[in-house]
Amino acid sequence: MATQFDLIIIGSGPGGYMAAAHAAKLGLKTACVEKEASLGGVCLNVGCIPSKALLDSSEYYHMAKNGPLAEHGIKTGRVSLDLNSMMSRKEAVVENLTGQVRQLLTRNKVEIIQGLGRLAAADKVTVSAKGKKKQALKAKAILLAAGSTPVEVPGLKFDGKQIVSSTQALAFDKVPQKLGVVGGGAIGLELGSVWNRLGSEVTVIEMLPQICVGLDSQVARTLERLLKKQGLDIRTNSKVTKARKTKTKVTVTVKGKKGEETISFDKLLVAVGRRPLTDQLGLDTVGVKTDAKTGRIIVNANFQTNVPSVYAIGDLIAGPMLAHKAGAEGLAAVAAIAGKPAEVHYETIPGIVYTHPEAASVGISKEAAKERGIKVKTGTFPFGGVGRAVAAGNAEGFVKVMAHARSGRVVGVHIVGPHASEIIAECGLAMKMGATVKDITDTVHGHPTLAEGLQEAAHLAALAP
C-alpha cells in the first residue's frame with residue numbers, strides 16, 4: 001500500500017467520495033480514509049438513502065391499506081405489513097449504492113483505506129483500525145469530510161432502545177404503538193411520517209412556533225396542516241422538560257401553550273439537529289481553528305483552513321448540513337487544490353423535506369426579502385389547478401415564485417406538493433443563470449406536467465403589481 005499521496009480525504013460520504021473521484025480524474029494521487037466498513041457516510045448508510053427507501057415503501061403500504069388505490073379503481077384484498085421484508089429491501093438499496101461508491105473509487109484508482117483517520121501533522125494522517133498496526137500516510141493536501149452526528153438533548157441521552165437517534169429509528173424491529181418525536185425538522189417529520197403510515201401514533205414536539213424553521217412560513221403552515229390531516233399530532237411552541245424511562249416506556253412531561261402534559265411513548269426519537277464530527281480528527285494537533293459557538297471548522301473561500309495544507313467541507317463547516325451541499329463543496333475544494341477555479345453557489349442550494357406532500361425551497365423567503373429591504377413580486381399557484389396533479393389524485397399544495405420587483409429576476413421559489421424535490425431543480429438553475437419570471441413563462445413546459453405549476457406561478461408573479 002502506498003503511503004505518499006497528493007491528497008488524502010478523511011470521510012467517504014457524498015462530499016468525500018465525490019471529491020476523491022474528481023481529484024483522481026484531475027490526476028491527483030488520492031486516498032480516501034473511512035472508519036466504517038461501508039463507504040458512503042451517513043447519507044448512504046443511515047441517512048438520506050435508507051430514509052427515502054422507507055418513505056417510499058411506507059407510502060405504498062399506506063396507499064394500499066387506506067383507500068387511495070380504490071379511488072383509481074384498484075381493488076385490493078386484506079393488506080398486511082411485513083416489516084422484515086421492508087427493512088431487507090432498505091438494506092439491499094443501501095448495499096447496492098454503497099457498493100457503487102466503492103466501484104467508483106476503485107475504477108478511478110483511489111486508494112481506499114479502512115480505519116479512523118486523524119491529523120498527525122500538517123502533511124500527515126495516521127489511520128487506526130482494530131487489529132491492525134497504525135498506518136502513517138503523507139500528502140501535500142488533506143481534505144476533512146468526516147460529516148456529523150446527532151445532537152443529544154440534556155435529560156434525553158440516547159440509549160439506542162427507548163430514546164433513539166435517527167439511526168435506530170431507521171431500524172425498529174416492530175412498529176411502536178406510540179412514537180414521540182422531539183424536533184419538527186426534516187428528519188423528525190420524515191421518520192415520523194414513515195412510522196405513522198405503518199401504524200404508529202406519532203406525536204411531534206417542536207420548541208419553535210413553526211415546523212421546518214428554514215422553510216417559507218406559508219409552506220410550513222400548509223405542510224403542518226396536511227401532516228396533521230394524515231394523523232401526526234404536531235405540537236409547536238412545546239418543549240420536553242422531564243423524561244423518565246421504565247423497562248418498556250418513556251414518559252415525558254411536555255410544556256406547551258396550554259400548560260404541562262405527561263405522555264408515555266414506546267419509543268422517543270430525538271431529532272433536534274446534528275453536530276460536526278470533529279472530536280476525533282486531531283484538529284488541536286495541528287492547530288486547525290474552529291468557531292467557538294458552533295464547533296465548525298473555519299475555512300476560506302477555497303475551503304482552506306488556517307493550516308494551508310488542510311481543507312474542510314460539508315457538515316464540518318458553516319452552512320446547512322445537506323449531502324448535496326457537501327458534494328458541491330467537495331468538487332470545489334478539489335478544484336482549488338488542483339489550482340483550478342471553482343465556486344459553490346450557496347444561494348441556489350435547495351432545501352427539501354421528503355414527506356407527503358414534499359416541501360422544497362430555494363432562494364430567499366418573503367420574510368427574508370422584507371428583512372433585507374428587497375421589494376419582490378409574488379405569484380402563487382395551487383396544484384389543484386395543475387392538470388397532471390389532479391389526474392394523479394395528488395393535488396394538494398402550491399408553488400410560490402418570488403421575483404425582484406424591478407428586474408423580474410427570480411429570487412426565491414417555495415413549493416409544497418407532489419414531487420417538489422424534482423421541480424425545485426429547474427428553479428435553482430433559473431436562479432443560477434439570473435433568469436427572470438418571463439424567462440420561465442416563455443419556456444414551453446410539457447403538458448400535462450407538474451412543472452406547469454411553476455410556469456403558472458411565474459406568470460402570476462410577472463403580472464403582479
**Study point:** Which of Ile10, Ile424 has the fewest Cβ neighbours within 10 Å, and the rest in rising order
**Key:** Ile424, Ile10
**Study point:** Nearest-0.05 FRET efficiency for Ser264 and Ala136, computed from C-beta distance (R0 41 Å)
**Key:** 0.20
**Study point:** Gain in span if fully extended, Lys289 to Thr246, counting 0.36 nm per residue against the direct Cα distance
**Key:** 11.2 nm
Exercise for review: For the chain, just give the cysteines left without a disulfide-compatible partner, judged by no other Cys Cβ under 4.7 Å.
Suggested key: Cys32, Cys212, Cys427
Review point. If each of Lys255 and Arg225 carries a label point 7 Å out from its Cα toward its Cβ, how far apart are those two points in nm?
Key: 3.1 nm
Point to revise | Charge dipole magnitude, Cβ of K and R +1, D and E -1 - the range 1-87, Cα centre, debye nearest 20 | key: 80 debye
Revision key, fill the gap. Residues other than Leu28 with Cβ under 15 Å of its Cβ, Lys/Arg counted +1 and Asp/Glu -1, net out at +3
Exercise for review: Return the ratio Rg/(2.2 N^0.38 Å) for the range 147-278, where Rg is computed over Cα atoms only.
Suggested key: 0.99
Revision key, fill the gap. Given a Förster distance of 30 Å, the FRET efficiency implied by the Cβ-Cβ spacing of Ala121 and Val151, rounded to the nearest 0.05, works out to 0.45
Point to revise | Dimensions (Å) - the range 348-463, Cα atoms, principal axes, largest first | key: 39, 28, 20
Check your understanding: With point charges of +1 on the Cβ of Lys and Arg and -1 on the Cβ of Asp and Glu, referenced to the Cα centre of the range 284-423, which listed residue (Met321, Pro341, His356) lies farthest in the positive direction of the dipole?
Key -> Pro341
Review point. Mind ordering 60-66, 45-51 by average Cβ neighbours within 10 Å, highest first?
Key: 45-51, 60-66
Revision key, fill the gap. With Pro150 itself left out, Lys, Arg at +1 and Asp, Glu at -1 over residues whose Cβ is under 11 Å from its Cβ give +1
Exercise for review: For the range 260-362, state which trypsin sites (Lys or Arg not before Pro) are in a DSSP loop and have at most 14 other beta carbons lying within 10 Å of their beta carbon.
Suggested key: Lys289, Lys293
Practice item. Over 18 Å between C-alpha atoms is what I'm after, so list which of Lys174/Lys247; Lys161/Lys239; Lys325/Lys377 land there. Key: Lys161/Lys239; Lys325/Lys377
Practice item. Taking the Cα centre of the range 348-463 as origin, sum charge times position over the Cβ atoms of Lys and Arg (+1) and Asp and Glu (-1), and report the length of that vector in debye to the nearest 20. Key: 540 debye
Practice item. Report the local net charge at Leu198: Lys and Arg +1, Asp and Glu -1, summed over other residues whose C-beta lies under 12 Å from its C-beta. Key: 0
Practice item. Among the GluC sites (Glu not before Pro) in the range 343-411, which ones are in a DSSP loop with at most 12 other Cβ atoms within 10 Å of the Cβ? Mind listing them? Key: Glu343
Point to revise | Over 43 Å [Cα-Cα, the chain], rounded percent | key: 18 percent
Revision key, fill the gap. With only helices counted (DSSP H, runs n ≥ 4, each -39500 (n - 2.57)), the per-residue ellipticity at 222 nm for the chain, to the nearest 500, works out to -10000 deg cm²/dmol
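Any read-out appearing in this document is the output of simple, stated calculations on the displayed coordinates, not a laboratory observation. This one's a predicted model, so the numbers in the text were calculated from it and none came from an experiment. Note: ideal-geometry Cβ built from the backbone for every residue, glycine included; neighbour counts use all protein chains shown.
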